[in-house]
Structure formats: C-alpha cells, structure tokens
Amino acid sequence: MKKLTFAFAAILAASLATAASAAMFTDFESYKSFEAGGNPVYAFDDAADVWVGEWSGGGTTADTVTAEIAEGAGYNGSKALKVQSSGHENVGLYLFATADNGIVTDHTGAQYLRVWADFSEVDFRKANFGTTDSTYSLFSTDEVDTNWECKYYFSADGANWEEYVHGDDGCFGTGQAGTVLGMKGWFAFPVADFTIRSNANWEAYDELTPTNPADVSGVYLFWDYDDATAADTPFYLDNLEFVADYKAFDYDAAAGAAAAPAAPAAAEAPAAAPAAGEWGWVIDENYIVLDDWADTTHAFGDAYPASGEWDWPEVTSGSLLKGTIISGFNGSSHCWSNGSDNAANAFDGDTETFFDPYEATTNSWAGLLLDQPYELTEIRIAPRSTYSTRLPGAAVQGSNDGVNWTDIVFIDKAATGLTDAPNGVDYHCFTPATNDTYVAANTDLGAAEPDFSVYWVGSGAYQAYRYVNINGEHGDVGEIELYGVPAAATAAPAAPAAEATTTTEAPAAATEVIAIEAVAQDYPSMDLVANNGASYATLEEAAASLGKTPITGYTFISGTNGNGNEGPEMLWDNDTATKFCTSEFPTITIAAADGEYAIDGIIMATANDNSSYNNRSPYEWAVYGSNDGATWTALAYGDDYFFEEVDFTYFAAPLTTEGSYKYFQFQSEGALSGCFQVSELVLTGTKVETAAPVVEEAPVVEEPVVEEPVVEEPVVEEPVVEEVVEEVVVEEPVVEEEAAVEETVEEEAAQTFDFGVIAAVAALVSAAGYALSKKR
C-alpha cells in the first residue's frame, strides 16, 4: 500500500499563477546522457531519465522493450525517441524530469499535452498517455473509462486538425476507437482527462482527481501492439509539450509536417479557461481569498462533506470538488459584520455554522476557485438552520472570467418544500436529471415538488463557482457540496451585457424597421378555448397541419438578455439548433417582418435538451402585434401546456386575429424551473399590401379627359374639314376606353377597401385549458 500526503493547496496556488502559453517537457535534444533507471511509480525506485517495462509492476516482461534517442527521426529531422517491443504485451514508458536533465515540471495554465509522433508503421490495440507528479502518482485517460467522452486531436501539418475520441476504456487503438496506423504529426490530449489511477491506491487523492499541470514529474505512455506481426517495429515520439492552445506553435510547425495529405479542418477545440491573472475581476476589490484573512474558519476538514451523515444516498456521478475559498467583497466586508460567519463556513461540514452575506445583493457570495474547469454533476446544499426561508431565490453559478456568470442551479423564489424541513434543516440534492432514489429521499422533507432536478437550469465547465442569491433575499447557507468532472472550459460571451436590455441594430430591409425598446406589456385577458399545441418534426409539417403559410426572414430588433450566446435574437432565426435561453424575467424579444401580415397561426419549437431539463417552457406567454412599436395588440396567449418535454419539436395552433402587423413581440412571465428556453417562434399569415396605389392614381387617369381640347386645336387650324372629322372619329374610342379604365379602377378600389375591413375578435390559441393557478 502506498500512502502519500499531498497538499491540495499547492494545486490551488498554482491556479493563481500566470499561465504558461507553451512549455517543452522534452524534445530529446538537451540530454547529455539518456539513462534508464527504476520505476518510482510502482516499485518506489529512484527515478532516472527513462523507464520501460511492465507498465503496472515496475518489473520486466517476457518481451524486450527499448527506448533510445534516434538521430533524424523526429520533427523536422531532429532527434526523436525510438520505442519498440519484441512482442505485443502491455508495456509502459515513463519519461521523468530529473535534476540532471533539467526538464521543467511547472506547466501552469497548460490545457493540453501535445506530442509529435510517427506511427507510420505501427498500430496499437490500446494505448494512452498520462503524467506523473512529484509524488510519482500516475494520472492517465485510462481511468476516465465511461465517465465522460475523452477527446484528442490530430494534425499532420500543424494547421488542419481533426477530432477523435478515446474508447470506453480511455484508450485509442483498434481495440477501442479506431486505428492510428500511418498517422504522423501532432497529437493533442486534454490534461483534464489525465486522472488518478484508482487501483494504485494513492489514498491522498479522490477518485478521478485530475493531474496538476503545475506539478509534472513525468510523461507516461501505456501501449501494446495490435498484433504480434508488429513486433520489433518501432515508432517515434518528439516534442512533448504542455500548451494552453494545441493549435498555437512558437515554431514553424509546417516545417516538420508529414508528407501525407493534410487532414480536413476540424471544429474549433473548446476554449481554454483563462489564467487567473487574466480574469476580469480584481483581488481585494471584487473578491478575496479567505486564506489571506485572519478570521477564516477551518474548511474541508474531516467532517466535510457531511451530507453522507444525514442518511442521503451516495453521490451518483462526479468527485467532490475542493478549491481555494473565495468570497465577494465590497472593499471592506466579505460577510455579515465582516466577522466569522464567512464563506469558509459553507465548506466545513458543520450545518450549525453558516455563511451570512454582508448584504442582500449579488455582490456578496461564497465560492470556490478550482485548479481547472469542471462540469458539475451534483450539488448538495443545506440551508442555514432556522433561516431556511433565505434559500429560495439563490443560485449556484459558474464562470471562467469572473465577469460572466452562468446559472447552473436556480432555486425559484416560488419553490415549495425548500423552506421547511424536519429539525429546521436538511440537505437538498440537485442533479441535472431526475434521480428516483433522491426523489424518494426528498419526500422526507415534506416537499410539494421533491424532484430538485427541476432547479438545474444550466451547464458548462467552469473554473470558478459561487453560491449567490440573485433574487434579493439575504442568501444565508449552511453547507455547500459541489461534485463534478474535469472538462474543457466553456467560453464566456465576447462581452458582458452592460444593461438589462440589449438592442441589436437591425439590418437594412425593404421597408423601414424602427427601433423598439423591449418593454413588458400588460398580459391580455383572453378567452382561451384550448391551449394544446400539436407536435411536428419540421416547420414544414407544422405549417401544413394548419394549412397556413409560415412567415420567415424576421429582422431582430431588441430583447432582454439571454444566457451567453443564447440571446433573444435566436427565437427568430429559423434554426432549432439555437435557442433563446434566459433566467431574466419578464422575457421579451421583438422582431420585424418584411411587411404587414394578417396572422392566422402560431408555431413554436422546443430546444435541444427539454427532455433532460424539464419545466423550461414558458408557463405564461403572449404574442403581440404592432405597426408603430408603441401600440400593441394581443395575438396569442398560452402557457406551458402548449409544449411537451421533448427536444427539437414544433408545436402549432391556428389563430383568429384582427388587422395586420409588421412588428411582433413575444413575452413570457417565466418558467417553472427558473430557466426559460424556446428555440423558434414562427407566425403564419398572409401578407397585406398596405399601400393602395391604384386608388391614389385614379385622378391621374382622369387628367387626359380634362385636357382633350388639345386635340381640337388641329381641327381649327386644318383647312380640310374631312380630315378633322376623321380625327374626331378616331379619337372617340380612346375616350371610351379611358372611361372604361376609370370604372375598373373604382371597382378595384372598392375591393381593396373591403379587404382591409376585418371584424375585431380576441385571439384564440389552439392548445388545453389554461390553468395558471396550478402553476403558481
């Protein structure tokens, strides 16, 4: 058994350091000698430059495994490590940093291990890369297994990258996720996927603890050949680097590119989390690190996490996250009375201690700064004893820049069952999807809605998380436990919203589009006969079911803020792959059509994950029409019965409306989960020609009749009377034709007028009776 003590704070301190853009672990050029030695990972020997052999035992194998530096076999004709085995048993390669070889071990800020490799002549059954730290603990993708999707990237020329996925056993190769035979170039592996080997029994680490880029003592490769025919066939490794961006090189990658055709361009890799020094917040101005303050209480002690002592089921996914405890700060205070009831109390495993914000605003919060981004899989929260009514309205949010925060869990102020519990306090377990075991346990709370997954409203991977009350309550909390898995960072929006309302400049259109401020309308009093949208797979099917023509090509004008890039403009873009998603209510979005339309139907679509995250459809919504942006007429009204909990599905209903409109506004009071989302809104209708050019031009037609004397002038001047008579005879039919045109114009004008007169009726949405009282 191997017991090691490990200061987790070292990881956290490293996360606050400035990130390295790229750091070479080794390019095999700098070794004065390349010495083989023992295996400190399993055999506890002293490390030398390299060790090869039985990957998990520290001993030898029946096969002969060699690793030696070869001239001219690497990137751009440089030195490379030549590796080969006489058989195809499982073997391991360890390259260690030692005092003699001068390899850098601190790669703070690195997101990827990038390796140049030449697999032109070999294929593997299974292989995976990894790292070791200063305690010689081993981290590799092999431990990820089925916990999450493990991606890696390849480029033959350093410019065009292709995405691949490890197999379920965290490996690449024919036994897992396909061949690498013939691939020569750069491979990039997210370091977040290098996690602690559970069977090695390093008890200082929790399961799936990721490697720390600031503490890399070695690079590891496990491999065996695809079959025995590859025995004694070498492959080559070069330029082992830890980088923040695998696509960025500080040398000419193309100079060493393989002669093989370039791989097709791949999708952009996930954005890396910014280094702590590049975050948009300022220490001791926007936040503090509690360890720097004398009144800090002990956190992450033996009692933490304490939820297991409260007869709660075990966590189903993810590892317990610990980090640097941070807190909101106003220049003088970080908690109530600037005392001991600070953020550390939320992470000490004692439900009788608590965090008490210094004020009931979003400026005061308790948080964790982690060593790298994690995606949360579960959150456990215990309210402050005897003050559990301060929990509703709170949220757990994630950020990668300290400026833009995304709601992961939002506990609606209207939430029931979260304010009272036996003995005044108990843990509440929040998961992204319904957990029947947790639901059963939650019923002990006497909750009217015991499935707390309804409050899970967001996703993404973030390096910082905070608990904050965003609805103006005081926001006290007794305990917080965050569980998650390492993942590539979710990019923040390009810029934070400056105001509560965002406005987008409308592009030029055939008709004028005016600026309209997104102001909430009074909800209409409308007599609904039904509120059940019928479901369809495509817009075309939905429109056909109504026998109506969809109005497309809207110009977005303004709306309330969305989450990240899921803004109000997405409701009008005719693409269910995008969505309007927000926790800001009332939710409003306004768009213009290319002219005035008489509306006769409504079609809306769910988004990508309604089946996983229920109760995001609007529980009260209305659609309005206008021609001036000031006076709005209600066209449709409904609630969440219009939808079902399915993904990418259109719901349609006919409407009976009065008049015609160019501008349309969608408004929602909210969603039961606290997070609203709809992917598409399409109205159906008939375009109305608002101008009446025929009627206006009727007097012009009459003008030639008035000026007919001009025709008579030749009659007076011509000496031949007969010619005059002939001209008059010829001209008479012309006059009759003009009169006929005039009659036709009058008739058309009357028809146009009749079309514009439509009886005023209240809008009716076809969908099941609206029972708002049930929703409140």
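The values are calculated or read from the model by the stated rules, or taken from the named source; none is laboratory data. These numbers were taken from a predicted model, which means no experiment stands behind them. Don't worry about glycine lacking a Cβ; one is built from the backbone with ideal geometry, like all the others, and counts go over all protein chains shown. Ligands, DNA and RNA are stripped out before the accessible areas are found, and what is left, the full protein with its side chains, is counted by its heavy atoms. Shrake-Rupley method; radii C 1.70, N 1.55, O 1.52, S 1.80 Å.
Observations, loosely collected:
- For the range 157-180, the criterion of being under 22 Å from LYS247 (Cα atoms) and of a type in the set (Ser, Thr, Tyr) is met by at least one residue.
- Every residue from the range 534-579 that is touching a strand residue (DSSP E or B) at 6+ places or on another chain (Cβ under 9 Å), among the small types (Gly, Ala, Ser) and either open to solvent by 10 Å² or more (accessible area, probe 1.4 Å) or within 19 Å of ALA591 (Cα to Cα) (or both): ALA534, SER535, ALA537, ALA544, SER545, GLY547, GLY553, SER558, GLY559, GLY562, GLY564, GLY567
- A single member of ALA346, ALA421, ALA366, ALA415 is modelled with pLDDT under 90, farther than 18 Å from TYR613 by Cα and aliphatic (A, V, I, L, M), and it is ALA421.
- Checklist (1) crowded, with 22+ Cβ neighbours inside 10 Å; (2) under 23 Å from VAL52 (Cβ atoms); (3) of a type outside the set (Val, Ile, Thr) applied to GLY158, failing item: (2)
- Sole residue being open to solvent by 60 Å² or more (accessible area, probe 1.4 Å), touching an Asp or Glu at 6+ places or on another chain (Cβ under 9 Å) and modelled with pLDDT under 85, chosen from ALA62, ALA20, ALA99: ALA62
- The residues on offer are VAL144, VAL115, and the sole one that is surrounded by fewer than 22 Cβ atoms within 10 Å (Cβ to Cβ) and either under 21 Å from ALA80 (Cβ atoms) or of a type in the set (A, V, I, L, M) (or both) is VAL115.
- Whichever residue in the range 656-698 is open to solvent by 40 Å² or more (accessible area, probe 1.4 Å) and modelled with pLDDT of 85 or more and, among such residues, is nearest to VAL454 (Cα to Cα): LEU672
- Matching residues, the range 108-119, being assigned to a loop (DSSP other than H, G, I, E, B) and either within 17 Å of TYR153 (Cα to Cα) or modelled with pLDDT of 90 or more (or both): ALA110, GLN111
- Subset tally (residues that are outside any loop (DSSP other than H, G, I, E, B), modelled with pLDDT of 85 or more and touching a Ser or Thr at 6+ places or on another chain (Cβ under 9 Å)) for the range 511-543: 5
- Residues of the range 614-650 that are outside any strand (DSSP E or B), under 24 Å from ASP575 (Cα atoms) and either small (Gly, Ala, Ser) or open to solvent by 10 Å² or more (accessible area, probe 1.4 Å) (or both): ASN614, ASN615, SER617, ASP640, TYR641, PHE643, GLU644, GLU645, VAL646, ASP647, PHE648, THR649.
- Selected residue [in a strand (DSSP E or B), within 28 Å of PHE410 (Cβ to Cβ), open to solvent by less than 10 Å² (accessible area, probe 1.4 Å) and in contact (Cβ under 8 Å) with a residue 12 or more places away in the chain] from ALA591, ALA653: ALA591
- Among the criteria (1) open to solvent by 10 Å² or more (accessible area, probe 1.4 Å); (2) more than 30 Å from PRO210 (Cβ to Cβ), the one PHE329 does not fulfil is (2).
- Restricting attention to the range 120-141, the residues being of a type in the set (S, T, N, Q) and either open to solvent by 10 Å² or more (accessible area, probe 1.4 Å) or more than 22 Å from TYR225 (Cβ to Cβ) (or both) number 6.
- Members of the range 214-243 found to be small (Gly, Ala, Ser) and assigned to a strand (DSSP E or B), listed by number: GLY218
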